[in-house]
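Worksheet for the structure shown next.
Every number here is computed from the coordinates shown, using simple stated rules; none is lab data. It should be emphasised that the depicted structure is a prediction, and the values quoted were computed from it without experimental measurement. Here Cβ is always computed from backbone atoms with ideal geometry, including for glycine, and neighbour counts include all displayed protein chains.
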Amino acid sequence: FDPGAKYHVPANVPYIRYFLAFIYQFQFQRALCKAAGHEGPLHTCSIYENEAAGAKLKALLQMGASQPWQDALAAMSGERQADAGAMLEYFAPLRGWLKKQVAGQKCGW
């Protein structure tokens, strides 16, 4: 990891918006999958051509900058704050697989 290689660090550009956007995308995915009626693991959900999910996304995008972002997030997901729970839910199968892969492994350094 080389922070100086990232443009934002030497240019003193705030990076928090990208960090939060990564969390929000999983919250949006969970909310849209719920609207689509998806049952099952979050990573298996596709909202492709789902009218209910599309309508929910369209309503969010139509808000634009007319509403505070907290209101837009609440309208989409029912939550007013960033919640990494959706991201953890999405990657839960990978986490389980990784735990099995490293079980009994010793760190060599």
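Values as computed for the structure displayed
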| read-out | value |
| --- | --- |
| Calculated from backbone phi, Karplus (6.51, -1.76, 1.60) coupling profile of segment 64-72 in Hz, x at Gly/Pro | x, 9, 6, 10, x, 4, 5, 5, 5 |
| Cysteines without a disulfide-compatible partner [the chain; Cβ-Cβ under 4.7 Å] | CYS107 |
| Candidates ARG30, ARG17, ARG95: whichever shows maximal mean-square fluctuation once the chain is modelled as a Gaussian network with Cα springs under 10 Å | ARG17 |
| Environment charge at GLY64 (Cβ cut-off 15 Å; Lys +1, Arg +1, Asp -1, Glu -1) | 0 |
| Translational D in µm²/s for segment 16-59 (Stokes-Einstein at 10 °C, 1.306 mPa s, Kirkwood Rh from C-alpha pairs) | 145 µm²/s |
| Segment 3-102 - Kirkwood radius from inverse mean 1/r over Cα pairs (Å) | 15.4 Å |
| Within straight-line cross-link reach of LYS6, lysines at Cα separation under 24 Å, skipping those fewer than 8 residues along the same chain | none |
| Whole-Hz couplings from phi, Karplus 6.51/-1.76/1.60, listed for segment 37-48; x for Gly and Pro | x, 5, 10, x, x, 4, 5, 9, 7, 10, 9, 3 |
